[in-house]
């Protein structure tokens, strides 16, 4: 019986953070222990949002009691939106304690910091996330978060390579998954034919890349797989939270779960701490899990999009900031219409047969 | 697409309050909006528990923003553990607002106050719950809570009748369900043969009573059905929370959902407020829903009990306060072993065919 600790935001209404992650993991059979980093009415995409953030002191109280009660022994850990540095530091401390107890902990770190050039956490969160990277088994940054963590602006193919190498070698992250990458023309031209979408469908595709560190490779080059997927029109919240939860839920590596030797000292994959086990990369497990997470997330989004089309006109209005400004509830109604249809699509969440978007090897990624 | 607002306690670890109620409702297809009245590490049965209670101010902030965002339009409402009077008063206010918006709101009020002679909320919570009773469609008090609300000590059969009549006529509660009633000898002898368990199995049974107000009956006598069920050994937490959630989820009354006329003024079932619709009783819907909730809860408990038997000895120790006192973690380990197996038993939660414990009419209850 596998057990996940999920440390995420909580909203009363709708499906982001924990509300997007916990139910899918429960459907996959995981007991999920849930610590809320905020308690809000709804996500911030609505015109108004309110509630409280959980303080570092409150988080410490909950985690300390859990530890005293021997309840801090999860097999897996998922961390998402944590908006301020003190609570994040408290959580980083818990991650270290969990790893000491269970060297085989599978930790998916989603470094939620911003999107599309815009930071929506306090800037002092960034160095703490950097310090946590070596503890993670998998990270799922978006395009902007890769840039923020590595300080490499992603403007051409060499910059993608450079950023990935920094994550794998400097920050010792074994597995990196970047979903929803816009297919810029410079990216499109370097895609192998097995990954490039056909000409006629090019504009509305996004790219997902999975990169597993290759321990045997002295260059620090990783093993990369990828897949282009058709983009679903409109903006939906909680998609990244759902994707990360599914990725963690489907990741099955014998390298972590069957127990591997603790790597100590300053070995090639160690990060200098003699006590905390270094997570392992696993190209096969990562590619399979990403395939399942990507296919399921896409199916849930398609389902949600179809439902949205059936809503009253008020709730499927196009994005229009000017119209929103003159009518405050316009934006809110659109947001409500675009909440993920997780409950109605629950039959999709448990399906693992014939995933639609299989990741394929990107053999010459480093060539 | 039905939507439930669940206002309950939250624990990081284990299955009580919202953690026992939300997942089953989601499996039944409900979108569940979740407002946490406390954020704790674990339930209070463990030797240690810690966290924070949500203040009335915080609750008001969340509910007010939800209302401004037009997100306070649920079809159903479930309220559980709310430990202090100020937050409870804030929630009572929200219930009134919800009912004004939706006269057909189905509200299940679980007046969580204590058990077995022991009050575990502040005493000033009691009058507030009394004032909320006329707003409820269904209430699910336990034996002690019936006594506390009605101030009738339940010591013989006439006192049960008196207490039920007070709830139906004085507090205008249309539907009352009391599960897990100990089969005292005075209760056993008044049970009709169709409800009384056979001699050989008598000791380990509990009684569940469902009582629906009979609007046409001038005496205020209700229509009662009941069922005796075998007791599962040991104490499990969250059972009442699970039962109430399932009862709300399965309650399907055409009297509320098809829309009934708002009853105004001081009609037989009105409570003097000209604006808030009075909930309706529905004997058939109540009996069916109680049958399903009872059968499913029992099946989940049986499953959990069997799993408990397979645990290491440390986690299935018998209750022994003396031994607990000398070894603080003993109690904690036993509690951990007795958390409801909701995730592993999820296939049970959605089954509605051939419920095992059908409630049968108690025709001469008032005779």
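The numbers here are math on the coordinates, done by the rules we state, and not lab data. Bear in mind the structure is a predicted one, so any value in this text is a computation, not a measurement. Note: ideal-geometry Cβ built from the backbone for every residue, glycine included; neighbour counts use all protein chains shown.
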Based on the alpha-carbon gyration tensor of segment A:43-82 and its eigenvalue square roots a ≥ b ≥ c, which shape applies: rounded if a/c is under 1.5, prolate if not and a/b is larger than b/c, or oblate?
oblate
Ranked packing of B:278-287, A:81-90, most packed first, by mean Cβ within 10 Å
B:278-287, A:81-90
In whole Å, what are the extents of segment B:34-162 along the principal axes defined by its C-alpha atoms, from largest to smallest?
50, 40, 21
Per-selection metrics, segment A:279-334 (Cα): Rg and Dmax in Å:
18.3, 52
Over chain A, with a Gaussian network built from C-alpha contacts below 10 Å, which listed residue (A:25, A:68, A:105) shows the highest mean-square fluctuation?
A:68
Please state the relative contact order of segment A:271-367 as a whole percent: Cα pairs under 8 Å, 6+ residues apart?
39
Taking a ≥ b ≥ c as the square roots of the Cα gyration tensor eigenvalues, with a/c under 1.5 meaning rounded and otherwise prolate when a/b beats b/c, else oblate, which class fits the protein assembly as shown?
prolate
Taking the inverse of the average 1/r across all pairs of different Cα atoms in segment B:78-122, what Kirkwood radius in Å do you get?
11.7
Where the Cα pairs of chain A fall when distances are cut into 10 Å bins, in %:
5, 24, 35, 26, 9, 1, 0
Shielding by partners for A:13-24, please: the mean number of other protein chain Cβ atoms within 10 Å of each residue's Cβ.
3
For A:161-167, B:132-138, B:235-241, B:183-189, ranked highest to lowest by mean beta-carbon neighbours within 10 Å, the order is B:132-138, B:235-241, A:161-167, B:183-189
Averaged over residues of A:33-42, the number of beta carbons from other chains lying within 10 Å of each residue's Cβ is 6
Can you classify segment A:316-367 as rounded, prolate or oblate using the Cα gyration tensor, where a ≥ b ≥ c are the square roots of its eigenvalues, rounded means a/c under 1.5, and otherwise it's prolate if a/b beats b/c and oblate if not?
oblate
In a GNM of chain B with a 10 Å cut-off on Cα contacts, which of B:104, B:221, B:64 has the highest mean-square fluctuation?
B:64
Estimated FRET transfer efficiency (residue B:124, residue B:97; beta-carbon r; R0 22 Å; 0.05)
0.50
Roughly how crowded by other chains is peptide A:64-75, in terms of the mean Cβ count from those chains within 10 Å of each of its Cβ atoms?
6
How many nm is it between the label spots at residue B:358 and residue B:344, if each spot is 7 Å from the Cα in line with the beta carbon?
3.2
